[in-house]
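Here it is, the structure, as structure tokens.
The values are calculated or read from the model by the stated rules, or taken from the named source; none is laboratory data. This is a predicted model, so every value here is computed, not measured. All Cβ positions, glycine included, derive from the backbone under ideal geometry; neighbour counts span all protein chains shown.
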Amino acid sequence: MIELLRSNDPVLMSFAASVLKDAGIEHNHTDSHMSVIDGSIGALQQRLLVAEDRRAEAERLLTEAGVRLTT
């Protein structure tokens with residue numbers, strides 16, 4: 001799996017995951033519950049991962065949707 005996006009913004013992460021889901025691209029939204037461990041201060045960012053063979057398509061879709069990628 002390849003990281004496409006890293007953010008503390010839960011709305012952005014939800015939107016990006018929705019774009020991928022609507023396109024049928026399997027993804028993993030990781031670290032979404034880490035804020036409980038870090039005391040809810042937002043120090044640990046959430047990550048959005050996709051399979052390496054779907055990376056180009058996922059990057060294109062997210063960029064077209066206005067999402068600024070971290071990669």
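Being in contact with a His (Cβ under 9 Å, 6 or more places away or on another chain), modelled with pLDDT under 95, in a helix (DSSP H, G or I) and not polar (S, T, N, Q) is the filter here, so list the residues in region 1-16 that pass it.
Result: MET13, single match.
In addition: Starting from region 47-66, take each residue that is within 19 Å of ASP9 (Cα to Cα) and list its partners that are part of a strand (DSSP E or B) and of a type in the set (Ser, Thr, Tyr), counting only C-beta distances under 7 angstrom and pairs at least six apart or across chains.
Close Cβ pairs (under 7 Å, with a partner that is part of a strand (DSSP E or B) and of a type in the set (Ser, Thr, Tyr)) amount to ARG47/THR30; LEU49/THR30.
For region 18-54, give me each residue that is assigned to a helix (DSSP H, G or I), surrounded by 14 or more Cβ atoms within 10 Å (Cβ to Cβ) and at pLDDT 95 or above.
VAL19, LEU20, ARG54 - these are the residues of region 18-54 that are assigned to a helix (DSSP H, G or I), surrounded by 14 or more Cβ atoms within 10 Å (Cβ to Cβ) and at pLDDT 95 or above.
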